[in-house]
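Student: First the structure, which I've put down as structure tokens, then a few questions once you've had a look.
The values are calculated or read from the model by the stated rules, or taken from the named source; none is laboratory data. All values reported here derive from a predicted model rather than from experimental measurement. Cβ placement follows ideal geometry from the backbone for every residue including glycine, while neighbour counts extend to all protein chains displayed.
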Amino acid sequence: MKIAKEFRWEMGHRLPLHDGACKNLHGHSYRLVVEVEGEVNPETGMVIDFAEISAKVKPFLNELDHAFLCQDTDEEVRELLERMDLKRIYIPHPSTVENICGMFIERLRPAFASEKQVDAFTVRIWETASSVAEITENVKAG
Ligand SMILES: [Zn+2]
């Protein structure tokens, strides 16, 4: 059985090495779907409570919301963010939607791995209405 919950957040970023519009300072209204796969617990009738999914995802969303996601090698932007004391998160890789999916997988893996009923979870993120990336992580592997 698969169940899913949807979230949204706003975030600024840029791709400093991109040969096009994405090198500019800009932001997106990101849409996130977290899908959880597992057996239905016969007692609760649930794979996992939707409120539990929210409780795992929301702390990270609060960190990201209205922040600027900055590659740590982007010195000019770092200096600006620090001088203006703006909400910011530094990452060691380009802030593409593929890498943002990876950040969610890393962050959420321990939380879902500790849930008995959960076999796998998928993070699917829309950067724009037509551009989406997805990763599925098996938490019962091995
Ligand atoms: Zn962008």
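Student: Please go through the stretch 87-142 and pick out each residue that is within 16 Å of the ligand (Cβ to nearest atom), of a type in the set (A, V, I, L, M) and either assigned to a helix (DSSP H, G or I) or surrounded by fewer than 14 Cβ atoms within 10 Å (Cβ to Cβ) (or both).
Tutor: Val97, Ile100, Met103, Ala129
Student: For the stretch 32-54, does any single residue satisfy the condition of being more than 23 Å from Ala111 (Cβ to Cβ), buried (at least 16 other Cβ atoms within 10 Å of the Cβ) and within 16 Å of the ligand (Cβ to nearest atom)?
Tutor: No, the stretch 32-54 contains no residue that is more than 23 Å from Ala111 (Cβ to Cβ), buried (at least 16 other Cβ atoms within 10 Å of the Cβ) and within 16 Å of the ligand (Cβ to nearest atom).
Student: Next up: Somewhere in the stretch 44-52, is a residue within 15 Å of Ile100 (Cα to Cα) and either at pLDDT below 95 or touching a strand residue (DSSP E or B) at 6+ places or on another chain (Cβ under 9 Å) (or both)? Steps first, answer last, please.
Tutor: In the first step, residues of the stretch 44-52 are kept if they are within 15 Å of Ile100 (Cα to Cα); the result is none.
No, the stretch 44-52 contains no residue that is within 15 Å of Ile100 (Cα to Cα) and either at pLDDT below 95 or touching a strand residue (DSSP E or B) at 6+ places or on another chain (Cβ under 9 Å) (or both).
Student: Output the residues belonging to the stretch 1-31 that are more than 22 Å from Gly102 (Cβ to Cβ), of a type outside the set (A, V, I, L, M, F, W, C) and either within 13 Å of the ligand (Cβ to nearest atom) or touching a Ser or Thr at 6+ places or on another chain (Cβ under 9 Å) (or both).
Tutor: Gly20, Asn24
Student: Could you tell me whether Glu63 is within 14 Å of the chain's Cα centre (by Cα) and outside any strand (DSSP E or B)? Before you say what the answer is, go through the steps one by one.
Tutor: On the way: within 14 Å of the chain's Cα centre (by Cα): yes; outside any strand (DSSP E or B): yes.
Judged against the criteria, Glu63 is a match.
Student: Considering only residues that are under 20 Å from Thr128 (Cα atoms) and either small (Gly, Ala, Ser) or in a loop (DSSP other than H, G, I, E, B) (or both), which ones fall in the stretch 18-58?
Tutor: Within the stretch 18-58, His18, Asp19, Gly20, Ala21, Asn24, Leu25, Gly27, Ser29 meet the criteria.
Student: With the checklist (1) under 14 Å from the mean Cα position of the chain (by Cα); (2) in a helix (DSSP H, G or I); (3) farther than 30 Å from Met1 by Cβ in hand, flag the one item Glu79 doesn't pass.
Tutor: Going through the list (1) under 14 Å from the mean Cα position of the chain (by Cα); (2) in a helix (DSSP H, G or I); (3) farther than 30 Å from Met1 by Cβ, Glu79 breaks only (1).
Student: Using beta carbons and a limit of 9 Å, which pairs, at least six apart or on different chains, have the first residue in the stretch 92-120 and touching a residue at least 12 places away in the same chain (Cβ under 8 Å) and the second one in a helix (DSSP H, G or I) and among the small types (Gly, Ala, Ser)?
Tutor: Taking only residues 6 or more apart or on different chains, the pairs are His93/Gly102; Ala111/Ala55.
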